[in-house]
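The values are calculated or read from the model by the stated rules, or taken from the named source; none is laboratory data. All values derive from a computational prediction rather than experimental measurement. Here the Cβ positions follow ideal geometry from the backbone for every residue, glycine too, while neighbour counts run over all protein chains shown. Note: areas computed on protein heavy atoms with side chains; ligands, DNA, RNA excluded. Shrake-Rupley method; radii C 1.70, N 1.55, O 1.52, S 1.80 Å.
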Amino acid sequence: MAPPAIQQALDAPYSLADEEISRFRRDGFVKLKHVLPASVLNYYGPTITSEVYRLNTMHLPIEQRDTYNKAFLQVGNIWTKNETVKEFCWGQRLARMAAQLLGVGGVRMYHDQALYKEPGGGVTPWHADQYYWPLSNPNTVTAWIPLQAVPMEMGPLAFAKGSHKFEAGRELGISDESEERIGRSMKEQNYPLEDSPFDFGDVSFHYGWTFHRAGRNVSQAPRAVMTIIYMDENMRLIEPNTVARRNDRASYMADVEIGAVTDGKLTPLIFREP
Ligand SMILES: O=C(O)CCC(=O)C(=O)O
């Protein structure tokens, strides 16, 4: 267990302005300052990093990988494998913010995912996450939590402002094709690109249907990022209609019936407004 001061900082409410909530709902994302103090990131970051390298199964040199695997090392559901990471993922500050942004009474964990863009790592192609998720409504949100500052040369997460309401391209998974086609349509539709660095302690939140991407990591250090994906407590599982969605169901919701509320063993309620 973390020392009490760390736990307190992880759980304490963040004062989210009404304007920030409205901006999230209008733009499909919001980038916020000073969300997690250095004490919290410095306490949990090294454990997350050592778990990423312990659990990582991608050992090919970058030049031999496909576009998806060049983008980052991806390790998911670490909260089920490490108690310290579980404590971080169950932090009440971020979970409460997720519920407030979505405007729901409570949120479940969908999963966590560490995304480490290695030095020399490629672009993260344009995509929308909910393509991968067999979920009944759009009330999903990813907290993107850098474990160090992310200057432009490391490939910060970039968003197409307002694109969560745009449907063309939602059928594309992360690929060269999604980078080309969604990138082109974001320009044609005049969705402004928000692509800017993250300071240490900044966290962004984006809807599952917001189109986003990230540039290459041309720095000498890994871009260490943890993400936590939250969903509406009343979310239901829909019939998975793609291989990707069948895989997600098998990984996270194998014990949930199609059509039922997603209250499985791996998708617990982690925050409810009292
Ligand atoms: O970290 C990245 O490069 C991509 C992140 C992403 O796609 C996400 O968190 O939904």
Of the residues VAL104, VAL85, which single one is modelled with pLDDT of 95 or more, open to solvent by less than 30 Å² (accessible area, probe 1.4 Å) and either under 16 Å from the mean Cα position of the chain (by Cα) or within 16 Å of the ligand (Cβ to nearest atom) (or both)?
VAL85
Counted residues, region 124-153 - those being away from the ligand (no atom under 11 Å from the Cβ) and within 30 Å of GLN220 (Cα to Cα)
6
Give me the pairs, please: first residue somewhere in region 27-56 and closer than 28 Å to LEU193 by Cβ, second residue anywhere and among the basic types (Lys, Arg) and at pLDDT 95 or above, beta-carbon distance under 8 Å, and either six or more positions apart or on two chains.
ASP27/LYS161; GLY28/LYS161; GLY28/LYS165; PHE29/LYS161; VAL30/ARG23; VAL35/ARG93; LEU36/ARG93
Kindly provide the set of residues from region 9-25 that are over 23 Å from LYS81 (Cα atoms) and either in contact with a Lys or Arg (Cβ under 7 Å, 6 or more places away or on another chain) or surrounded by fewer than 13 Cβ atoms within 10 Å (Cβ to Cβ) (or both), ordered by number.
ALA12, PRO13, TYR14, SER15, ALA17, ASP18, GLU19, SER22
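Does region 39-54 include one or more residues that are crowded, with 16+ Cβ neighbours inside 10 Å and among the aromatic types (Phe, Trp, Tyr)? Can you show your working first?
We begin by selecting, within region 39-54, every residue crowded, with 16+ Cβ neighbours inside 10 Å; these are 40-41, 43-45, 47-49, 51-52.
Filter once more, so that each one left must be among the aromatic types (Phe, Trp, Tyr): 43-44.
Looking through region 39-54, at least one residue is crowded, with 16+ Cβ neighbours inside 10 Å and among the aromatic types (Phe, Trp, Tyr).
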Given the criteria surrounded by fewer than 18 Cβ atoms within 10 Å (Cβ to Cβ), charged (D, E, K, R) and either within 16 Å of the ligand (Cβ to nearest atom) or in a strand (DSSP E or B) (or both), does GLU167 qualify?
no
With the first residue restricted to region 139-159 and required to be modelled with pLDDT under 95, and the second required to be more than 10 Å from the ligand (Cβ to nearest atom), Cβ contacts under 9 Å at 6 or more apart or on different chains are none
Check region 188-200 and report whether any residue there is open to solvent by 70 Å² or more (accessible area, probe 1.4 Å), within 16 Å of the ligand (Cβ to nearest atom) and either over 18 Å from the mean Cα position of the chain (by Cα) or basic (Lys, Arg) (or both).
yes
Just to be sure, is PRO119 away from the ligand (no atom under 11 Å from the Cβ), open to solvent by 10 Å² or more (accessible area, probe 1.4 Å) and either closer than 28 Å to SER219 by Cα or in contact with a Ser or Thr (Cβ under 9 Å, 6 or more places away or on another chain) (or both)?
yes
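Output the number of residues of region 88-101 satisfying the condition of being closer than 29 Å to ASN69 by Cβ and either open to solvent by 30 Å² or more (accessible area, probe 1.4 Å) or away from the ligand (no atom under 15 Å from the Cβ) (or both). Working first, answer last.
Residues of region 88-101 that are closer than 29 Å to ASN69 by Cβ, as a first pass: 88-89, 94, 98.
Subset that is either open to solvent by 30 Å² or more (accessible area, probe 1.4 Å) or away from the ligand (no atom under 15 Å from the Cβ) (or both): 88.
Number of matching residues: 1.
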